[in-house]
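*Asks:* This is the structure, below, for whatever I ask next.
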Amino acid sequence: MAAIHQAVSRRASFLVCRLHSTYVRKMRYLNELKEDDSLCRQAQTAGTFCLFHNLSPFLQKVGKKYLVPQISAAEMKRILEIFKETEQWIEKSVLIGCSDEHTPHFALELGALEKSVIESELKGSFTDLRKALFVVDEKDSPLLASAQALLRWHASHQYCSKSGQPTQKNVAGSKRVCHASGVIYYPQMSPVVVTLVSDGSRCLLARQPSFPQGMYSALSGFCDMGENVEETVRREVAEEVGLEVESLQYSASQHWPFPSSCLMIACHALVRPQQAEISMNSLELEEARWFGLEEIVECLKRAPGSSKQENGSFLPWFPPKQAIAHQLICEWVKQQTSQPA
Ligand SMILES: [Zn+2]
(Lines give C-alpha, C1' and ligand atoms only; values in the text may rest on other atoms or scores of the structure.)
Protein backbone atom coordinates (compact mmCIF):
# COMPACT_ATOMS: atom_id res chain seq x y z
CA MET A 1 0.00 0.00 0.00
CA ALA A 2 2.81 2.39 0.95
CA ALA A 3 4.54 1.57 -2.32
CA ILE A 4 1.39 2.52 -4.24
CA HIS A 5 1.21 5.79 -2.29
CA GLN A 6 4.83 6.53 -3.10
CA ALA A 7 4.29 5.73 -6.77
CA VAL A 8 1.21 8.00 -6.87
CA SER A 9 3.02 10.85 -5.16
CA ARG A 10 6.05 10.40 -7.44
CA ARG A 11 3.71 10.54 -10.42
CA ALA A 12 2.03 13.67 -8.98
CA SER A 13 5.32 15.48 -8.41
CA PHE A 14 6.47 14.45 -11.88
CA LEU A 15 3.29 16.01 -13.32
CA VAL A 16 3.77 19.21 -11.29
CA CYS A 17 7.36 19.33 -12.48
CA ARG A 18 6.28 18.90 -16.09
CA LEU A 19 3.62 21.57 -15.72
CA HIS A 20 6.10 24.08 -14.38
CA SER A 21 9.24 23.04 -16.14
CA THR A 22 8.98 25.35 -19.17
CA TYR A 23 8.53 28.41 -16.98
CA VAL A 24 11.10 27.38 -14.40
CA ARG A 25 13.69 26.47 -17.03
CA LYS A 26 13.08 29.78 -18.76
CA MET A 27 13.58 31.78 -15.56
CA ARG A 28 16.72 29.83 -14.70
CA TYR A 29 18.10 30.45 -18.20
CA LEU A 30 17.41 34.20 -17.99
CA ASN A 31 19.08 34.30 -14.60
CA GLU A 32 22.18 32.60 -16.03
CA LEU A 33 22.31 35.19 -18.81
CA LYS A 34 22.16 37.99 -16.23
CA GLU A 35 24.98 36.47 -14.18
CA ASP A 36 27.31 35.26 -16.92
CA ASP A 37 28.62 37.95 -19.31
CA SER A 38 30.24 35.58 -21.80
CA LEU A 39 27.13 33.40 -22.02
CA CYS A 40 25.02 36.51 -22.56
CA ARG A 41 27.40 37.85 -25.22
CA GLN A 42 27.03 34.53 -27.03
CA ALA A 43 23.24 34.71 -26.64
CA GLN A 44 23.21 38.13 -28.31
CA THR A 45 24.47 36.60 -31.55
CA ALA A 46 21.47 34.24 -31.61
CA GLY A 47 18.92 36.60 -30.09
CA THR A 48 16.24 38.89 -31.44
CA PHE A 49 16.04 42.65 -30.97
CA CYS A 50 13.27 45.05 -30.17
CA LEU A 51 14.42 48.48 -31.41
CA PHE A 52 14.08 51.94 -29.89
CA HIS A 53 15.06 55.38 -31.13
CA ASN A 54 15.31 58.01 -28.39
CA LEU A 55 13.15 55.64 -26.31
CA SER A 56 10.39 55.33 -28.95
CA PRO A 57 9.75 51.68 -29.93
CA PHE A 58 9.87 50.48 -33.53
CA LEU A 59 6.51 49.20 -34.81
CA GLN A 60 5.32 47.76 -38.09
CA LYS A 61 1.79 48.25 -39.33
CA VAL A 62 0.31 45.14 -40.92
CA GLY A 63 -3.27 45.72 -42.07
CA LYS A 64 -4.95 47.39 -39.08
CA LYS A 65 -2.58 45.84 -36.55
CA TYR A 66 0.61 47.27 -35.06
CA LEU A 67 3.29 44.66 -34.48
CA VAL A 68 6.48 44.80 -32.43
CA PRO A 69 8.93 43.11 -34.83
CA GLN A 70 11.69 40.92 -33.44
CA ILE A 71 14.74 41.74 -35.53
CA SER A 72 17.27 38.91 -35.90
CA ALA A 73 20.96 39.39 -35.08
CA ALA A 74 21.82 38.91 -38.78
CA GLU A 75 19.36 41.64 -39.79
CA MET A 76 20.78 43.89 -37.06
CA LYS A 77 24.26 43.35 -38.43
CA ARG A 78 23.06 44.33 -41.92
CA ILE A 79 21.51 47.57 -40.61
CA LEU A 80 24.68 48.43 -38.67
CA GLU A 81 26.80 47.88 -41.78
CA ILE A 82 24.77 50.55 -43.59
CA PHE A 83 26.00 52.98 -40.91
CA LYS A 84 29.53 51.53 -41.09
CA GLU A 85 29.13 50.36 -37.50
CA THR A 86 30.49 47.03 -36.27
CA GLU A 87 28.31 44.35 -34.71
CA GLN A 88 29.81 45.26 -31.32
CA TRP A 89 27.01 47.82 -31.20
CA ILE A 90 24.79 44.88 -30.26
CA GLU A 91 26.52 44.81 -26.86
CA LYS A 92 24.67 48.02 -26.03
CA SER A 93 21.45 45.98 -25.89
CA VAL A 94 19.69 44.90 -22.70
CA LEU A 95 18.06 41.53 -22.01
CA ILE A 96 14.26 41.73 -21.78
CA GLY A 97 13.17 38.08 -21.88
CA CYS A 98 13.26 34.87 -23.88
CA SER A 99 10.93 32.53 -25.74
CA ASP A 100 9.87 29.12 -24.37
CA GLU A 101 12.53 27.68 -26.69
CA HIS A 102 15.16 29.94 -25.06
CA THR A 103 15.62 32.40 -27.91
CA PRO A 104 16.76 35.46 -25.94
CA HIS A 105 15.08 38.83 -26.58
CA PHE A 106 16.97 42.09 -26.25
CA ALA A 107 16.09 45.79 -26.52
CA LEU A 108 18.45 48.12 -28.34
CA GLU A 109 18.54 51.93 -28.38
CA LEU A 110 19.53 53.28 -31.81
CA GLY A 111 19.13 57.01 -31.06
CA ALA A 112 22.64 57.75 -32.36
CA LEU A 113 21.72 56.47 -35.85
CA GLU A 114 19.60 58.19 -38.53
CA LYS A 115 15.99 57.30 -37.80
CA SER A 116 14.59 57.54 -41.35
CA VAL A 117 17.20 55.12 -42.73
CA ILE A 118 16.25 52.41 -40.21
CA GLU A 119 12.54 53.04 -40.77
CA SER A 120 12.80 52.64 -44.53
CA GLU A 121 15.11 49.60 -44.32
CA LEU A 122 12.84 47.77 -41.86
CA LYS A 123 9.53 49.14 -43.19
CA GLY A 124 8.03 50.53 -40.03
CA SER A 125 8.22 53.53 -37.74
CA PHE A 126 9.47 54.55 -34.32
CA THR A 127 6.33 55.47 -32.39
CA ASP A 128 5.96 57.42 -29.15
CA LEU A 129 5.54 54.89 -26.30
CA ARG A 130 2.34 56.52 -24.99
CA LYS A 131 0.70 55.86 -28.34
CA ALA A 132 2.42 52.50 -28.92
CA LEU A 133 1.16 50.99 -25.63
CA PHE A 134 -2.45 51.43 -26.71
CA VAL A 135 -2.18 50.19 -30.30
CA VAL A 136 -0.06 47.04 -29.96
CA ASP A 137 -1.33 43.61 -28.91
CA GLU A 138 -2.07 43.39 -25.15
CA LYS A 139 0.75 40.90 -24.59
CA ASP A 140 3.30 43.28 -26.14
CA SER A 141 2.48 46.40 -24.06
CA PRO A 142 4.19 45.23 -20.83
CA LEU A 143 7.24 44.14 -22.84
CA LEU A 144 7.56 47.55 -24.51
CA ALA A 145 7.00 49.36 -21.21
CA SER A 146 9.65 47.40 -19.32
CA ALA A 147 12.15 47.49 -22.20
CA GLN A 148 11.87 51.26 -22.46
CA ALA A 149 12.12 51.66 -18.68
CA LEU A 150 15.31 49.60 -18.61
CA LEU A 151 16.88 51.54 -21.51
CA ARG A 152 15.92 54.82 -19.84
CA TRP A 153 17.44 53.70 -16.54
CA HIS A 154 20.75 52.86 -18.24
CA ALA A 155 20.79 56.19 -20.09
CA SER A 156 20.39 58.10 -16.83
CA HIS A 157 22.81 56.05 -14.70
CA GLN A 158 25.98 56.46 -16.72
CA TYR A 159 27.92 57.84 -13.74
CA CYS A 160 28.44 56.74 -10.16
CA SER A 161 26.74 59.05 -7.66
CA LYS A 162 29.47 58.33 -5.08
CA SER A 163 32.69 58.81 -7.09
CA GLY A 164 31.44 60.55 -10.24
CA GLN A 165 33.25 57.94 -12.36
CA PRO A 166 31.57 56.25 -15.37
CA THR A 167 29.61 53.10 -14.56
CA GLN A 168 29.61 50.05 -16.81
CA LYS A 169 26.65 47.81 -17.57
CA ASN A 170 26.95 44.04 -17.42
CA VAL A 171 26.19 42.41 -20.79
CA ALA A 172 22.55 41.61 -19.92
CA GLY A 173 21.98 45.10 -18.56
CA SER A 174 20.61 43.82 -15.24
CA LYS A 175 23.02 46.08 -13.31
CA ARG A 176 25.76 48.74 -13.64
CA VAL A 177 29.03 48.68 -11.78
CA CYS A 178 31.42 51.46 -10.78
CA HIS A 179 34.85 49.91 -10.88
CA ALA A 180 36.39 52.89 -9.06
CA SER A 181 34.28 52.56 -5.90
CA GLY A 182 32.90 49.06 -6.32
CA VAL A 183 29.28 50.24 -6.07
CA ILE A 184 26.72 48.09 -7.93
CA TYR A 185 23.56 49.82 -9.19
CA TYR A 186 20.39 47.84 -9.91
CA PRO A 187 17.46 49.19 -11.98
CA GLN A 188 14.80 50.69 -9.71
CA MET A 189 11.10 51.39 -9.79
CA SER A 190 9.18 53.86 -7.62
CA PRO A 191 6.20 52.36 -5.77
CA VAL A 192 2.92 54.22 -6.35
CA VAL A 193 -0.46 53.34 -4.82
CA VAL A 194 -3.62 53.64 -6.91
CA THR A 195 -6.67 53.69 -4.64
CA LEU A 196 -10.33 53.40 -5.50
CA VAL A 197 -12.23 54.82 -2.52
CA SER A 198 -15.78 53.57 -1.93
CA ASP A 199 -18.36 54.43 0.74
CA GLY A 200 -20.16 51.15 0.12
CA SER A 201 -22.56 52.36 -2.58
CA ARG A 202 -20.58 55.02 -4.48
CA CYS A 203 -16.97 55.35 -5.54
CA LEU A 204 -14.74 58.38 -5.59
CA LEU A 205 -12.94 59.49 -8.74
CA ALA A 206 -10.84 62.57 -9.28
CA ARG A 207 -9.15 64.74 -11.87
CA GLN A 208 -5.58 65.99 -11.72
CA PRO A 209 -5.01 69.25 -13.63
CA SER A 210 -2.74 67.38 -16.08
CA PHE A 211 -5.46 64.86 -17.09
CA PRO A 212 -7.04 65.10 -20.57
CA GLN A 213 -10.44 66.88 -20.52
CA GLY A 214 -13.19 64.76 -19.03
CA MET A 215 -10.95 61.97 -17.69
CA TYR A 216 -11.51 60.84 -14.09
CA SER A 217 -9.42 58.24 -12.33
CA ALA A 218 -8.71 56.64 -8.96
CA LEU A 219 -6.49 58.51 -6.48
CA SER A 220 -2.77 57.91 -6.77
CA GLY A 221 0.43 58.87 -5.00
CA PHE A 222 4.05 57.85 -4.45
CA CYS A 223 4.99 55.87 -1.35
CA ASP A 224 7.03 58.00 1.04
CA MET A 225 10.34 56.63 2.30
CA GLY A 226 9.73 54.05 5.00
CA GLU A 227 5.97 53.73 4.42
CA ASN A 228 4.20 50.46 3.76
CA VAL A 229 1.38 50.23 1.19
CA GLU A 230 -1.39 50.52 3.81
CA GLU A 231 0.14 53.68 5.28
CA THR A 232 0.48 55.27 1.83
CA VAL A 233 -3.17 54.52 0.97
CA ARG A 234 -4.42 56.03 4.26
CA ARG A 235 -2.17 59.10 3.94
CA GLU A 236 -2.98 59.78 0.27
CA VAL A 237 -6.74 59.50 0.81
CA ALA A 238 -6.50 61.81 3.85
CA GLU A 239 -4.27 64.32 2.02
CA GLU A 240 -6.15 64.44 -1.27
CA VAL A 241 -9.83 64.18 -0.28
CA GLY A 242 -9.86 64.53 3.52
CA LEU A 243 -11.36 61.11 4.24
CA GLU A 244 -10.28 58.44 6.72
CA VAL A 245 -9.90 54.91 5.35
CA GLU A 246 -11.68 52.25 7.43
CA SER A 247 -10.36 49.20 5.62
CA LEU A 248 -8.47 48.42 2.46
CA GLN A 249 -7.83 45.52 0.16
CA TYR A 250 -4.98 44.89 -2.28
CA SER A 251 -6.11 44.13 -5.83
CA ALA A 252 -3.19 43.86 -8.27
CA SER A 253 -0.02 45.58 -9.42
CA GLN A 254 1.41 46.74 -12.70
CA HIS A 255 4.62 48.29 -14.00
CA TRP A 256 3.99 51.70 -15.57
CA PRO A 257 6.75 53.52 -17.48
CA PHE A 258 5.47 57.10 -16.92
CA PRO A 259 6.71 59.50 -15.65
CA SER A 260 9.61 57.17 -14.98
CA SER A 261 9.25 53.50 -14.08
CA CYS A 262 6.62 53.09 -11.37
CA LEU A 263 5.28 49.98 -9.69
CA MET A 264 1.55 50.73 -9.50
CA ILE A 265 -0.05 48.97 -6.52
CA ALA A 266 -3.82 48.97 -6.84
CA CYS A 267 -6.09 48.88 -3.78
CA HIS A 268 -9.74 49.25 -2.85
CA ALA A 269 -10.36 51.44 0.19
CA LEU A 270 -13.58 51.71 2.17
CA VAL A 271 -14.65 54.85 4.07
CA ARG A 272 -17.65 55.17 6.38
CA PRO A 273 -20.74 56.55 4.57
CA GLN A 274 -21.44 59.05 7.38
CA GLN A 275 -17.97 60.51 6.96
CA ALA A 276 -18.09 60.61 3.21
CA GLU A 277 -17.95 64.36 2.72
CA ILE A 278 -15.07 65.22 0.42
CA SER A 279 -12.69 68.01 1.33
CA MET A 280 -10.49 68.23 -1.73
CA ASN A 281 -6.85 69.33 -1.74
CA SER A 282 -6.87 71.81 -4.62
CA LEU A 283 -3.09 71.85 -4.86
CA GLU A 284 -3.15 68.24 -6.08
CA LEU A 285 -6.59 67.84 -7.61
CA GLU A 286 -8.83 69.82 -9.90
CA GLU A 287 -12.00 67.92 -9.03
CA ALA A 288 -13.04 64.96 -6.89
CA ARG A 289 -16.56 63.58 -6.61
CA TRP A 290 -18.68 60.54 -5.87
CA PHE A 291 -20.01 58.42 -8.75
CA GLY A 292 -23.00 56.08 -8.35
CA LEU A 293 -23.12 52.65 -9.96
CA GLU A 294 -25.33 53.74 -12.87
CA GLU A 295 -23.06 56.62 -13.84
CA ILE A 296 -19.97 54.41 -13.59
CA VAL A 297 -21.54 51.83 -15.90
CA GLU A 298 -22.43 54.60 -18.40
CA CYS A 299 -18.87 56.00 -18.30
CA LEU A 300 -17.35 52.54 -18.85
CA LYS A 301 -19.34 52.24 -22.08
CA ARG A 302 -17.76 55.47 -23.34
CA ALA A 303 -14.55 55.12 -25.37
CA PRO A 304 -11.54 56.81 -23.73
CA GLY A 305 -11.04 60.30 -25.15
CA SER A 306 -12.52 63.74 -24.75
CA SER A 307 -15.95 64.46 -26.17
CA LYS A 308 -17.15 68.05 -25.86
CA GLN A 309 -20.83 68.70 -25.21
CA GLU A 310 -22.82 71.49 -26.83
CA ASN A 311 -22.67 73.44 -23.55
CA GLY A 312 -18.85 73.26 -23.59
CA SER A 313 -18.54 70.65 -20.82
CA PHE A 314 -16.97 67.21 -21.25
CA LEU A 315 -18.63 63.87 -20.59
CA PRO A 316 -16.70 61.93 -17.94
CA TRP A 317 -14.59 58.98 -19.12
CA PHE A 318 -12.08 56.61 -17.50
CA PRO A 319 -8.52 55.48 -18.30
CA PRO A 320 -8.33 52.72 -20.96
CA LYS A 321 -8.43 49.04 -20.00
CA GLN A 322 -4.61 48.73 -20.07
CA ALA A 323 -4.44 51.02 -17.01
CA ILE A 324 -4.80 49.42 -13.59
CA ALA A 325 -7.29 52.13 -12.47
CA HIS A 326 -9.69 50.81 -15.12
CA GLN A 327 -9.38 47.34 -13.64
CA LEU A 328 -10.17 48.69 -10.15
CA ILE A 329 -13.32 50.41 -11.44
CA CYS A 330 -14.47 47.20 -13.19
CA GLU A 331 -13.88 45.19 -10.00
CA TRP A 332 -15.94 47.68 -8.01
CA VAL A 333 -18.83 47.38 -10.50
CA LYS A 334 -18.65 43.59 -10.30
CA GLN A 335 -18.68 43.71 -6.51
CA GLN A 336 -21.65 46.10 -6.45
CA THR A 337 -23.71 44.08 -8.92
CA SER A 338 -23.01 40.75 -7.20
CA GLN A 339 -24.17 42.04 -3.79
CA PRO A 340 -27.68 41.06 -2.72
CA ALA A 341 -29.96 44.15 -2.81
ZN1 LIG B 1 31.94 55.07 -7.95
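The values are calculated or read from the model by the stated rules, or taken from the named source; none is laboratory data. Model, not experiment: these values are computed from the prediction. Please note: Cβ atoms are built from the backbone with ideal geometry, for glycine as well, and neighbour counts cover all protein chains shown.
*Asks:* Working carefully through the options 283, 248, find the one that is outside any loop (DSSP other than H, G, I, E, B) and aliphatic (A, V, I, L, M).
*Replies:* 248
*Asks:* Still on this structure, I have one more. Those residues that are surrounded by 15 or more Cβ atoms within 10 Å (Cβ to Cβ) and hydroxyl-bearing (Ser, Thr, Tyr), I need them from the range 47-104; list them, please.
*Replies:* Correct list: 48, 56, 66, 93.
*Asks:* May I ask you to list pairs of residues, at least six apart or on different chains, whose Cβ atoms are under 6 Å apart, with the first in the range 179-199 being outside the structural domain of residue 145 (by TED's automatic domain parsing) and within 16 Å of the ligand (Cβ to nearest atom) and the second being part of a strand (DSSP E or B) and among the charged types (D, E, K, R)?
*Replies:* Cβ pairs passing all conditions: 185/176.
*Asks:* Follow-up. Take residue 115 and decide whether it is on the phi < 0 side of the Ramachandran plot, without any contact (Cβ under 8 Å) to a residue 40 or more places away in the chain and among the charged types (D, E, K, R).
*Replies:* Spelling it out, it is not the case that residue 115 is on the phi < 0 side of the Ramachandran plot, without any contact (Cβ under 8 Å) to a residue 40 or more places away in the chain and among the charged types (D, E, K, R).
*Asks:* The conditions are (1) closer than 22 Å to residue 333 by Cα; (2) in contact with a strand residue (DSSP E or B) (Cβ under 6 Å, 6 or more places away or on another chain); (3) crowded, with 17+ Cβ neighbours inside 10 Å, and residue 276 fails exactly one of them. Which is it?
*Replies:* Residue 276 satisfies every listed condition except (2).
*Asks:* Which one of the conditions (1) more than 16 Å from the ligand (Cβ to nearest atom); (2) more than 15 Å from residue 50 (Cβ to Cβ); (3) not assigned by TED's automatic domain parsing to the domain that holds residue 65 does residue 172 fail to meet, given that it meets all the rest?
*Replies:* (2)
*Asks:* Could you say whether any residue in the range 149-167 is part of a strand (DSSP E or B), within 16 Å of the ligand (Cβ to nearest atom) and closer than 30 Å to residue 37 by Cα?
*Replies:* yes
*Asks:* For residue 324, only one of the following conditions fails: (1) touching a Lys or Arg at 6+ places or on another chain (Cβ under 7 Å); (2) surrounded by 15 or more Cβ atoms within 10 Å (Cβ to Cβ). What is its number?
*Replies:* Unmet for residue 324, out of (1) touching a Lys or Arg at 6+ places or on another chain (Cβ under 7 Å); (2) surrounded by 15 or more Cβ atoms within 10 Å (Cβ to Cβ): (1).
*Asks:* Further, regarding this structure: Taking residue 132 as the residue in question, decide whether it is away from the ligand (no atom under 16 Å from the Cβ), modelled with pLDDT under 95 and not in a loop (DSSP other than H, G, I, E, B).
*Replies:* So residue 132 passes the test.
*Asks:* Given the options 146, 141, 210, 190, name the one that is over 17 Å from the mean Cα position of the chain (by Cα) and either surrounded by 19 or more Cβ atoms within 10 Å (Cβ to Cβ) or small (Gly, Ala, Ser) (or both).
*Replies:* 210
*Asks:* Let me ask another. For the range 108-129, how many residues meet the condition of being assigned to a loop (DSSP other than H, G, I, E, B) and of a type outside the set (Asp, Glu)?
*Replies:* Residues meeting the conditions: 7.
*Asks:* Quick one: would you say residue 306 is loosely packed, with under 15 Cβ neighbours inside 10 Å and out of contact with any Ser or Thr (no Cβ under 9 Å at 6 or more places or on another chain)?
*Replies:* When the stated conditions are applied, residue 306 passes them.
*Asks:* Pick out the one residue from 80, 51, 39 that is touching a residue at least 40 places away in the same chain (Cβ under 8 Å) and out of contact with any Gly (no Cβ under 6 Å at 6 or more places or on another chain).
*Replies:* Result: 51 is the single residue among 80, 51, 39 that is touching a residue at least 40 places away in the same chain (Cβ under 8 Å) and out of contact with any Gly (no Cβ under 6 Å at 6 or more places or on another chain).
*Asks:* While we're here: Quick one: which of 249, 322 is at negative phi and touching a residue at least 24 places away in the same chain (Cβ under 8 Å)?
*Replies:* 322
*Asks:* Pick from the range 216-247 the residues that are among the aliphatic types (A, V, I, L, M) and surrounded by fewer than 19 Cβ atoms within 10 Å (Cβ to Cβ): which of them is nearest to residue 283 (Cα to Cα)?
*Replies:* By that ranking, first place goes to 238.
*Asks:* With respect to residue 133, is the statement that it is touching a Ser or Thr at 6+ places or on another chain (Cβ under 8 Å), free of Cβ contacts under 8 Å to residues at least 60 places away in the same chain and either within 30 Å of residue 263 (Cβ to Cβ) or aromatic (Phe, Trp, Tyr) (or both) true?
*Replies:* no
*Asks:* Which of the residues spanning the range 305-328 are outside any loop (DSSP other than H, G, I, E, B) and more than 16 Å from residue 295 (Cα to Cα)?
*Replies:* 308, 324, 325, 327 - these are the residues of the range 305-328 that are outside any loop (DSSP other than H, G, I, E, B) and more than 16 Å from residue 295 (Cα to Cα).
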